[in-house]
Amino acid sequence: MERAADLANTNLVYLNTSVKKNLGVSPKNIVTQTKPADCTLTCSLMKPGCEEPVDDTSTHLVINDSGSLLADQNVVSGYTETVCIKCTNSIDILKQTTFTVTQEKRTDPDRYTLLQQGNLSLQIQSV
């Protein structure tokens, strides 16, 4: 098993949605298995240094069942998380370089939320 590519730091903008952003990271673009019959590849999020797992309750990142890395994009205060991805198969362990995901904080209340709260008025002018 070999490292296919290093992961780049990622910056996200705030979006008012509960849908997690797929960062385009999955086992197939992290690891090249030198022997395809090596068994199932399993990847997990780890703290920097790749020795301890990330606490699932305090992270804004998750690896879903298909192995894709997903990130929250609706954290009003924003966040920065530095993680490592560790992939294993039946005979090998690969620790990916540490990388950082940053979601910018919301700088302005989004218009949809203001409209819902009645704090935004719409003016329509005929021409």
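Quick notes on this structure:
- Selection count, the stretch 55-73, where residues are in contact with an Asp or Glu (Cβ under 8 Å, 6 or more places away or on another chain) and of a type in the set (Val, Ile, Thr): 2
- Selected residue (criterion: modelled with the lowest pLDDT) from residues of the stretch 1-12 that are under 16 Å from the mean Cα position of the chain (by Cα) and surrounded by 12 or more Cβ atoms within 10 Å (Cβ to Cβ): Leu7
- For the stretch 15-40, a tally of residues being at pLDDT 65 or above and in a loop (DSSP other than H, G, I, E, B) returns 12.
The values are calculated or read from the model by the stated rules, or taken from the named source; none is laboratory data. Quantities reported herein were computed from a predicted structural model and do not represent experimental measurements. So basically every Cβ, Gly included, is an ideal-geometry build from the backbone, and we count neighbours across all protein chains shown.
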